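Participant: Provided herewith is a single structure, encoded as structure tokens, for subsequent inquiry.
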Amino acid sequence: MACAAVVAGFAVLAGAGSAAAQAGGEPGAAELAARYAPVVVTRDQQGACDRGGEAYRPTGVEVALGKPEIVLRDGDGEIVARGPRAADLAGLGPETSLDFPGDPRRAGCGYEQDFIRFAAGEPDVAYAHIARDATAPDRLALQYWFFWYFDDYVNTHEGDWEFIQIVFPAATAQEALETTPVEVGYSQHSGGERAAWDDDKLERRGDRPVVYAGAGSHANFFTSDLYLGRSADEGFGCDDTTGPSTFRPTEARLLPASGSEARGDLAWLSFEGRWGELQPAPYDAPAGPATKEAWRAPIAWQDTLRDRSFAIPSSRTLGPTATDAFCSVVQTGGRVYTAVTSPFVLLVLVAGLISVGGVAARSTRWSPPVPLPLRRRRASGQILRDAGRFYRAHRPVMIALGALFIPAAIVETVLHELVLGLGPVRALIDTATEDSLVSAAATLIVGGTGHLIASAVVLAGAAGVAGMLESGRPVGVRDAFGRLGERLWAVLGVLGWAMLVIPLLVLTIVGIPYAVHLIGRWAVANQVAVLEGAPAREALRRSSELTRGRWWRTVRLAAVVNTLGAVSGPALGIALLFTTDLPLIAVNAVSSVVFVVAMPFVGLAMAYLYGDLVAAHDAEAQAER
């Protein structure tokens, strides 16, 4: 093993020396480039075409050159050459571009499959550049540029160039070999982050800095985390560098000081065009390293960098968080915008959705509010309004019920750590990277069961309070919990049957439509169990009877009230992200508190929906007599 490492080390030095000779490198440059060649960490895919993982790796530009499928276009879009090589690109201006096979706005799996073919047998590469800044003659930057075949972030585009740099208190490469670096800078979207060489956040393998590449975006980070960006500088969206991951030691290839000095296989350095298809911003492919301001003024660029990036807290929380919601909204919205291609069409779609919501709000009755009796016909607007009035009138009891999420979250966290910490279970999860279904199922079962139980209990507790008040009984916190305790096993039984039957139907694939149908049929089984005192199976049958002929109304209203409960916290949290400087953990804490407070409202609305269904069912039965 040791001999192999020595041989590999000599091979890297030999390769770097060869590149230095070709590039006309200064003394010590090749050795310096090889010594600090970075280790790039890419997030593993859970299977082919998994956009949550990294489908690409940093390679030499050869993956995009000499391939007949890739063409060179002039400023008019006309093909100049097919399968262009480095010499064909030399000296061409910014109006020219390479064009890879595929449509970056509708990438599918084509780019990933092409990259696998084009990059077969190619090493992981970092292009090294000794960079100087006229404003700082006593400092030298050793830059490493990474070429990525495709960027699969929010703004998908062909080709991608990212880089890091290491700053030395030296004027020459030879002097740098004899000193210790002072700091490093990692590019991230339109900005970047820096760290002192002895900073704890900088991970190194010997002298080689470890670079965690954001999945899809290739933004460079210091640690394995999920990062939130709220601007072009940070990247608008979320960069994921969490594991499981692959560590990729790169081969350093030394570049000349400028594109005009580039010859032979490095002649591409003087190419000022785009390394990918021309598209409207922000989907346009990037130009090469020598066109960047950081290439010419590395120390000035270093001085603009942030001292930290915003890692999303990894601790488990109550309900959906603001940061999770923000990441999902940006990712989904970006992909919709990418697919639509026309801002006008997207604007029409958004306006249409707003109009539909407005029409729905105006088409229902909101008055008169009649919180009791529970069992009476109500329009959708009345159900929402009555739930709100009831909540305000009995706020302490409702908040106490919502607080049940807190012990549930603690238990869930403990179980999560205990179960996933067991050797056999942890090994199963770690080795399930080729089977996304196994991995996702394990995460759902271990991490989501507690939340489902807490939700069912809180909703049942709210229904119980409404039922007790309807019968004329005064209700305090102790009374509410007492009633909930009496019906707890029936409520858990309803949930147990649903968790058993519906996932099994989904796993069959063909049973998915029926699973969706059952979700609607069983929508008020929880309320039946509490308000009618029915055992679990009887509650499921009774719910099916109540929703017969009213399935769409039931599903529509249940979806609305559950969505309101789920998004209220994250919506407020996202607003705080952009209007305050609160730490992310505090923002997520606010989201969790709002979620806890909102869920009993969902329970009341579902209880009123149950009351409406009972009234409609009884009216039909009376009419048939």
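Participant: Residue check, L32 against (1) out of contact with any strand residue (DSSP E or B) (no Cβ under 9 Å at 6 or more places or on another chain); (2) assigned to a helix (DSSP H, G or I), all met but one. Which one?
Facilitator: Going through (1) out of contact with any strand residue (DSSP E or B) (no Cβ under 9 Å at 6 or more places or on another chain); (2) assigned to a helix (DSSP H, G or I) one by one, L32 breaks only (1).
Participant: Same structure, new question: Exactly one condition in (1) open to solvent by 10 Å² or more (accessible area, probe 1.4 Å); (2) at pLDDT 95 or above is false for Q45; which is it?
Facilitator: Condition not satisfied by Q45: (2).
Participant: I'd like to check something: does the range 574-582 contain any residue that is farther than 30 Å from F310 by Cβ, open to solvent by less than 60 Å² (accessible area, probe 1.4 Å) and out of contact with any Cys (no Cβ under 6 Å at 6 or more places or on another chain)?
Facilitator: For the range 574-582, residues farther than 30 Å from F310 by Cβ, open to solvent by less than 60 Å² (accessible area, probe 1.4 Å) and out of contact with any Cys (no Cβ under 6 Å at 6 or more places or on another chain): absent.
Participant: Which one of L72, L92 is aliphatic (A, V, I, L, M) and open to solvent by 40 Å² or more (accessible area, probe 1.4 Å)?
Facilitator: Numbers: L72 fails: open to solvent by 40 Å² or more (accessible area, probe 1.4 Å).
Among L72, L92, only L92 is aliphatic (A, V, I, L, M) and open to solvent by 40 Å² or more (accessible area, probe 1.4 Å).
Participant: May I ask you to verify whether A466 is under 17 Å from Y391 (Cβ atoms) and either in contact (Cβ under 8 Å) with a residue 40 or more places away in the chain or not in a helix (DSSP H, G or I) (or both)? Reasoning before the result, please.
Facilitator: Numbers: under 17 Å from Y391 (Cβ atoms): yes; either in contact (Cβ under 8 Å) with a residue 40 or more places away in the chain or not in a helix (DSSP H, G or I) (or both): yes.
Considered against the rule, which asks whether it is under 17 Å from Y391 (Cβ atoms) and either in contact (Cβ under 8 Å) with a residue 40 or more places away in the chain or not in a helix (DSSP H, G or I) (or both), A466 comes out as yes.
Participant: Taking A34 as the residue in question, decide whether it is in contact with a helix residue (DSSP H, G or I) (Cβ under 6 Å, 6 or more places away or on another chain), open to solvent by less than 40 Å² (accessible area, probe 1.4 Å) and modelled with pLDDT under 95.
Facilitator: Values: in contact with a helix residue (DSSP H, G or I) (Cβ under 6 Å, 6 or more places away or on another chain): yes; open to solvent by less than 40 Å² (accessible area, probe 1.4 Å): yes; modelled with pLDDT under 95: no.
Spelling it out, it is not the case that A34 is in contact with a helix residue (DSSP H, G or I) (Cβ under 6 Å, 6 or more places away or on another chain), open to solvent by less than 40 Å² (accessible area, probe 1.4 Å) and modelled with pLDDT under 95.
Participant: Please give the number of the condition D265 fails out of (1) assigned to a loop (DSSP other than H, G, I, E, B); (2) open to solvent by 50 Å² or more (accessible area, probe 1.4 Å).
Facilitator: Among (1) assigned to a loop (DSSP other than H, G, I, E, B); (2) open to solvent by 50 Å² or more (accessible area, probe 1.4 Å), D265 violates only (1).
Participant: Write out, first by first residue and then by second, each pair whose Cβ atoms fall under 9 Å of each other, whose residues are 6+ apart or on separate chains, and whose first residue, in the range 365-383, is open to solvent by 60 Å² or more (accessible area, probe 1.4 Å) while the second is at pLDDT 90 or above and part of a loop (DSSP other than H, G, I, E, B).
Facilitator: Close Cβ pairs satisfying both conditions: R365/R378; R365/A379; W366/A379.
Participant: Still on this structure, please answer the following. Could you pull out the residue among G66, G108, G83 that is at pLDDT 95 or above, open to solvent by 20 Å² or more (accessible area, probe 1.4 Å) and at positive phi? Please lay out each step first, then the result.
Facilitator: On the way: G108 fails: at pLDDT 95 or above; G83 fails: open to solvent by 20 Å² or more (accessible area, probe 1.4 Å).
None of the others qualify; the one that does is G66.
Participant: State all residues of the range 531-550 that are open to solvent by 20 Å² or more (accessible area, probe 1.4 Å) and either on the phi > 0 side of the Ramachandran plot or in a loop (DSSP other than H, G, I, E, B) (or both); if no residue qualifies, say none.
Facilitator: Quick first cut of the range 531-550, residues open to solvent by 20 Å² or more (accessible area, probe 1.4 Å) only: 531-533, 535, 537-538, 541-542, 545, 548-550.
E532, G533, P535, R548, G549, R550 - these are the residues of the range 531-550 that are open to solvent by 20 Å² or more (accessible area, probe 1.4 Å) and either on the phi > 0 side of the Ramachandran plot or in a loop (DSSP other than H, G, I, E, B) (or both).
Participant: With the requirement that a residue be small (G, A, S), crowded, with 19+ Cβ neighbours inside 10 Å and either in contact with a Cys (Cβ under 9 Å, 6 or more places away or on another chain) or within 20 Å of G229 (Cα to Cα) (or both), what does the range 278-310 give you?
Facilitator: S309
Participant: Please give the number of the condition W522 fails out of (1) open to solvent by 10 Å² or more (accessible area, probe 1.4 Å); (2) touching a Ser or Thr at 6+ places or on another chain (Cβ under 9 Å); (3) modelled with pLDDT under 95.
Facilitator: (3)
Participant: State yes or no: is R362 at pLDDT below 90 and open to solvent by 50 Å² or more (accessible area, probe 1.4 Å)?
Facilitator: yes
Participant: Further, regarding this structure: Hey, can you tell me all the residues within the range 167-192 that are under 23 Å from P256 (Cβ atoms), touching a Gly at 6+ places or on another chain (Cβ under 8 Å) and open to solvent by less than 10 Å² (accessible area, probe 1.4 Å)?
Facilitator: V167, A173, A176, G185
Participant: Run A131 past the list (1) closer than 17 Å to R274 by Cα; (2) touching a strand residue (DSSP E or B) at 6+ places or on another chain (Cβ under 6 Å) and report the number of the one that doesn't hold.
Facilitator: All conditions pass for A131, except number (1).
Participant: OK, next. Hey, could you check the range 215-256 for residues that are at pLDDT below 85 and assigned to a strand (DSSP E or B) and say which is farthest from W268 (Cα to Cα)?
Facilitator: Our first condition is that a residue be at pLDDT below 85; within the range 215-256, this holds for 228-237.
From what is left, the residues that are assigned to a strand (DSSP E or B) are 228-229, 237.
Details: L228: 35, G229: 33, G237: 32 Å.
For the range 215-256, the residue satisfying everything is L228.
Participant: Out of the residues in the range 268-277 that are assigned to a loop (DSSP other than H, G, I, E, B) and open to solvent by 10 Å² or more (accessible area, probe 1.4 Å), state the one that is farthest from S97 (Cα to Cα). Quick ask: steps written out before the conclusion?
Facilitator: Step one: list which residues in the range 268-277 are assigned to a loop (DSSP other than H, G, I, E, B), which gives 271-273, 275-277.
Of the ones still in play, those that are also open to solvent by 10 Å² or more (accessible area, probe 1.4 Å) are 272, 277.
Numbers: E272: 9, E277: 6 Å.
Out of the qualifying residues, it is E272.
Participant: Continuing with the same structure: Could you tell me which numbered condition A460 fails, if it satisfies all but one of (1) surrounded by fewer than 18 Cβ atoms within 10 Å (Cβ to Cβ); (2) aliphatic (A, V, I, L, M); (3) at pLDDT 90 or above?
Facilitator: Going through (1) surrounded by fewer than 18 Cβ atoms within 10 Å (Cβ to Cβ); (2) aliphatic (A, V, I, L, M); (3) at pLDDT 90 or above one by one, A460 breaks only (1).
The values are calculated or read from the model by the stated rules, or taken from the named source; none is laboratory data. Since we're looking at a predicted model, the values are computed, not measured. Methodologically, a virtual Cβ is constructed for each residue, glycine included, from the backbone with ideal geometry; neighbour enumeration extends over all protein chains shown. Calculation scope for accessible area: heavy atoms of the full protein, side chains included, ligands and nucleic acids excluded. Shrake-Rupley method; radii C 1.70, N 1.55, O 1.52, S 1.80 Å.
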